[in-house]
1. May I have the count of lysine pairs in the chain with C-alpha atoms under 29 Å apart, counting pairs 8 or more residues apart or located on different chains?
2. Taking the Cα centroid of the range 497-553 and of the range 349-419, what is the distance between the two, rounded to the nearest whole Å?
3. What is the dipole size for the range 480-586, taken about its Cα centre, with +1 at each Lys and Arg Cβ and -1 at each Asp and Glu Cβ, in debye to the nearest 20?
4. Would you list VAL643, VAL613 from fewest to most Cβ contacts within 10 Å?
5. Per the Debye formula with a single identical scatterer at each Cα and no solvent contribution, what log10 I(q)/I(0) holds for the range 480-586 at q = 0.23, 0.24 Å⁻¹?
6. Relative contact order of the chain: what whole-number percent is it, with Cα pairs under 8 angstrom and at least 6 residues apart?
7. Does the range 81-209 come out rounded, prolate or oblate, given a ≥ b ≥ c as the square roots of the eigenvalues of its C-alpha gyration tensor, rounded meaning a/c under 1.5 and, failing that, prolate meaning a/b above b/c?
8. Could you put HIS34, HIS635 in order, starting from the residue whose Cβ has the fewest other Cβ atoms within 10 Å?
Amino acid sequence: MGITIDIDTGGTFTDGFIVRDGDVRTVKVPTTPHDLTACFLDCISAGAEAFERGIEDFLGETDIIRFSNTIGTNTIIQRNGSKIGLIVTAGSEAMAPTHDEEGKSPLVAPDMVIGIAEAVAADGTVTTSPDAAAILDAAQTLIDRGARGIVVALANSDLSPANERRVRAVIKAEYPRDYLGSVPTFLASDISARPGTRERINAAVLNAYIHGKLARLLYKAGEELRLRGYRGTLFIGHNNGAVARVAKTRAINTYNSGPTGGLYGARAIGALYGANTLIATDMGGTSFDISYVDGGQASYALQPEVEGFACNLPMMAIDALGAGGGSIAEVEGGVLKVGPQSAGALPGPACFGLGGTKATVTDANLVLGILDPARFLGGGMTLDLGKARAAIDAAVAQPLGLSIEDAALAIRRNVEAAMGKAVGAVAERLGRPSGLPVIAYGGAGAIHAADIATNAGVGRVIITPFSAVSSAFGSSLMDVGHIYYRRADLLVESASDLLSAGTLVAEMATEAARDMRGEGFEPADAEARLQLFWTGAGGEPEILVAAETAAISDADAAAAALVAARDALGTAGPLRLASIAYSASARVPHFEWRHGQTAAADFPSARLADRQVWFGGPARIATPVYDRARMGPGHALSGPGIVESSQTTILVPEGWSLAIDAYDNALLERN
């Protein structure tokens, strides 16, 4: 097997997880917000350097590149996406996202929404077909007003997409793709086949809003790879846990793809220890993401909110708090506030020396002595202690009447209390507050993991050697795949009722075969999975239950699926099958764990020095510092202690211990 490259761009750093013949290298480079192609290529160059190869030779040996990025998220947050024109059913104009409660620019300007006469009945029958002249008038008006994309989101298009498809056909006949005035046309029915008019409009608009920037980035990245000798496919991370080539990727599917990779990686880590229920936390430079695995099922949302916009496109459920290494600390009304604003990659924390002047969590860790200014990122970046102290003094210490050290400690405790409370709430919801393991990752995750767990009432944390590049690591476990949805609205009283959904599944299987061929795989090479979305007959909230693909063709499998659904809903009565998801995936090269490794060196040689650390109290405490690269299975220590690697720092507080296990993972446990 050749080289596999997995890259994830975050708000502060871009991470790479590179494997060559089982040998792993992890790299981090600063994210370049002005052009994510630059940090993408920087990350590949860093990977080549880590293996001591020239970039063309390196890419010539590469079998696969998987890439997840934040451009969709950032485009929505910054409101700098494409100007969108929206065509809806007359009378539905008020459902368009033409205002924002936070005062940001709307996704769609009020004058960019036009209603047309059309109707689809509740049984999916087209009762009024849209008039061609009205369609062209609406399209021309929107184009004249500056639309760079047209979204068509008509009522009940989840029941029948016929009218939406007619609108697109009329527009494309008038504005063929080879005309300079042509604009892309997006259908809500292509994005979501689930109920909810407003949610379907939002999902379609969000997809179109980020499409242009994402397409430019990804095609540019692909071209840059080809210029450097890469002849393989650039695969893009999706928020359903799969990857696909650029040509087979819808923009909305990339939203939160990085955190999704981290969650899938956490699930794989938990499986090493037989833990099918766990909490996953990802603390980077900008945010603190919380997710979980319950009974082997990664957390998901059937009606997620995408940056505040309700959608009906299922995706992994990952809650984000504005707390990371770059979170800005300030005093408002005599009260310390940390986050949600972040210094990001540029100008970054004050200690980065890149122009940032605001106090951040990273500055606090440096002032406390937890970070070594000369060894940040393995010495790849030197931190400025003086600038960190000055920033904390001005922003926090003086306003609160504290010493600089106590102000730094207050910053750290503030974010850990908030994050610990959030993690504790998830643990309570999962029913095992103290016994659940936490898989902690992200560049800043290890330095706060134990104290967050203490605040959460959790006593066990697992930190892999790849924790600082967790999303890229999780990406390395992903296969090529696609997922499809169909609205069912089927009353199911017996197993035989479920068999009538066979036609819907057959349609999706045909689509999957087409798309997998487009990815370079024959249908026989793909593994199919089925997910059924159930409600009670009274319209209770939907739940998702996995089922065998035979559940719609075999009576016994259908009966088993019905039993599982009734158990999940806690009812013996009739159910309603709301919708169906069909996924197809084909395996590509994965990272594989090695078990039973031996320690790289005698433990005493791992101890670098003692560092004076401020934990509060009358004076700093001499705290032993260890080199993670020299630690291996069997090595253990009791806190207080610090373990440094080239990409992250683990703090072992007093009352906690750390041990390296057979997988070379660090296990933190409260004594």
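Coordinate-derived values only; no laboratory data. All of these numbers come straight from a predicted model, not from anything done at the bench. Reconstructed Cβ throughout: ideal geometry from the backbone, glycine too, with neighbour counts over all protein chains shown.
1. Count of close lysine pairs: 24.
2. 51 Å
3. With only Lys, Arg, Asp and Glu charged at Cβ, the dipole is about 220 debye.
4. Result, fewest neighbours first: VAL613, VAL643.
5. These q points yield log10 I(q)/I(0) values of -1.16, -1.23.
6. Working: 1579 pairs, mean separation 76.7, N = 671.
That works out to 11 percent.
7. Details: a/c = 1.64, a/b = 1.07, b/c = 1.54.
It is oblate, given that a/c is not under 1.5 and a/b is not larger than b/c.
8. If I rank by nearby Cβ atoms, fewest first, I get HIS34, HIS635.
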